[in-house]
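Undergrad: The structure is given below, and queries will be raised subsequently.
The values are calculated or read from the model by the stated rules, or taken from the named source; none is laboratory data. Just so it is clear, the structure is predicted and the values come from calculations on it, not from any experiment. All Cβ positions, glycine included, derive from the backbone under ideal geometry; neighbour counts span all protein chains shown.
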Amino acid sequence: MRYEDYVDLGYKPGKDDLVCEFVLEPAGNSSIERAAGAIAAESSTGTWTEVKTEKKYVRKLAAKVFKIEGKRINVAYPVELFEPGNIPQILSSVAGNIFGMKEIKSLRLVDLTIPEKLLKSFKGPKYGIKGIRKIFRTNRPLLGTIIKPKIGLRTEEHVKVAYEAWVNGIDIVKDDENLSSQNFNKFEKRLEKTFKAKEKAEKETGEKKAYMINVTAETQEMLKRAKAVENVGNEYIMVDIITIGWSALQTLRNQDFNLVIHAHRAGHAALTRNSKHGISMKVIAKLARIVGVDQLHVGTGVGKMFEKKEEVLENCKALKEGLWKFKPVMPVASGGLHPGHIPQLIKVFGNDFIVQAGGGIHSLQTRIGAIAMRQALDAALEGISLQEYSKTHKELKLALNKFGFVSSR
Ligand code: CAP
Ligand code: MG
């Protein structure tokens, strides 16, 4: 088949098709039709030239470009092209060689719809929003912090910071993405000591607390660490889903540990940031949900990272909208946040989200920052402006004096 043979604008995709939407800019010497055909060919059965080995039955498996609207193209893939339960294989097809073809100037996979036949082969979230709510026994937004400095603290200091945050109103303490098991803060010791501090904080406050310990490592080592977390009785693990890779994430989820999986997305922007090329965060969010994470970072719209509010909302939608029998995933807002952001974030995210602040808490003193976060949340939930509330809440006042108010983009 030639590239042009992969374009069939009269085709209507069926329920067993996997459908991709791309934004495509052809290279100077190519038309949109030809470049679209090249995409469909290289991501399914074809290559740059016709081959004598092609059989009639192979032609039936060819992907079809069924819609071209400006730079937007839609491609349908027969489900037979995909191996059940294999995210890497799906991506090697629809998000593989095609990004590097000479025929295109730029290409972005903006959306991906997977047919039920294939969805069924994945586990999806074990807990999701409802499961997490059961653990915390509250319906308000959850407050989290990331221990800072992000790496370098010795275990004893790490534990102290975690404890300070918990007893002063924070629900969740999280490791940073690049903390795993370095000599200054070994995984096993950190797990044991931080878990004890968590139990102490729970007794003292009467509130449920959580520790999202980072198990990111080579796959076998990661599984061992996750098992150790389960054995201790901790409910959560955190994992860097982009850097461990989809295969390792599937392996982790398929163990069916009694552990909520918090997904950090460090590195996603190498794929998602260029609005003309790569893969949208929405697609990554869908895939992460299908595999079965329970919580995922989705951007903030107001903090230190690049995503705008509209993109954040799209990511949240991908986590929460109806998708076969998969549970909705809890969105996590993180990156450059402080107490002054909380009312705006609630407007964007609603109640079901986790708001995390690292620098926004520890740049005051952990105790002051944690109290200020909780006060900001209380004020927002009571419908009182932060300025007003800060007149009678000195920690919030200190935070607002330090950070001020930042308006949303
Ligand atoms: C936040 C954070 C997270 C970012 C990642 C950090 O710390 O721990 O890794 O949120 O971005 O190290 O930056 P701060 P995203 O609160 O100190 O900014 O959530 O967009 O993936
Ligand atoms: Mg971090």
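Undergrad: Say whether the condition of being away from ligand 1 (no atom under 12 Å from the Cβ) and modelled with pLDDT under 95 is met by at least one residue in region 384-403. Quick ask: steps written out before the conclusion?
TA: Let us first name the residues in region 384-403 that are away from ligand 1 (no atom under 12 Å from the Cβ), namely 384-402.
Right, trim to modelled with pLDDT under 95 and you get none.
No - not one qualifying residue is present in region 384-403.
Undergrad: Moving on to the next point. Is region 284-301 home to any residue that is free of Cβ contacts under 8 Å to residues at least 60 places away in the same chain and in contact with a Pro (Cβ under 7 Å, 6 or more places away or on another chain)? Spell out the reasoning first.
TA: We begin by selecting, within region 284-301, every residue free of Cβ contacts under 8 Å to residues at least 60 places away in the same chain; these are 284-285, 288, 296-300.
If we keep only those that are in contact with a Pro (Cβ under 7 Å, 6 or more places away or on another chain) too, we end up with 296, 298.
Within region 284-301, one or more residues are free of Cβ contacts under 8 Å to residues at least 60 places away in the same chain and in contact with a Pro (Cβ under 7 Å, 6 or more places away or on another chain).
Undergrad: State the number of residues belonging to region 294-333 that are away from ligand 2 (no atom under 16 Å from the Cβ), surrounded by fewer than 17 Cβ atoms within 10 Å (Cβ to Cβ) and closer than 18 Å to L271 by Cβ.
TA: 1
Undergrad: Still on this structure, I have one more. Just one of (1) part of a helix (DSSP H, G or I); (2) surrounded by fewer than 17 Cβ atoms within 10 Å (Cβ to Cβ) trips up E207, so point out which.
TA: For E207, the failing item is (1).
Undergrad: Look through I104, I73, I87, I98 and report the one residue that is outside the structural domain of L271 (by TED's automatic domain parsing) and under 21 Å from A288 (Cα atoms).
TA: Working: I104 fails: under 21 Å from A288 (Cα atoms); I73 fails: under 21 Å from A288 (Cα atoms); I98 fails: under 21 Å from A288 (Cα atoms).
After applying the criteria, what remains is I87.
Undergrad: Got a sec? Which of Q356, Q375 is within 12 Å of ligand 1 (Cβ to nearest atom), of a type in the set (S, T, N, Q), in contact (Cβ under 8 Å) with a residue 24 or more places away in the chain and surrounded by 21 or more Cβ atoms within 10 Å (Cβ to Cβ)? Before the answer, list the steps.
TA: Details: Q375 fails: within 12 Å of ligand 1 (Cβ to nearest atom).
When all the criteria are applied, what remains is Q356.
Undergrad: Against the condition closer than 21 Å to I279 by Cβ and without any contact (Cβ under 8 Å) to a residue 40 or more places away in the chain, how does A36 come out, does it pass? Please lay out each step first, then the result.
TA: Details: closer than 21 Å to I279 by Cβ: yes; without any contact (Cβ under 8 Å) to a residue 40 or more places away in the chain: yes.
Yes: the conditions hold for A36.
Undergrad: Looking at region 360-370, is at least one residue within 16 Å of ligand 2 (Cβ to nearest atom) and among the aliphatic types (A, V, I, L, M)?
TA: Yes, region 360-370 has at least one match.
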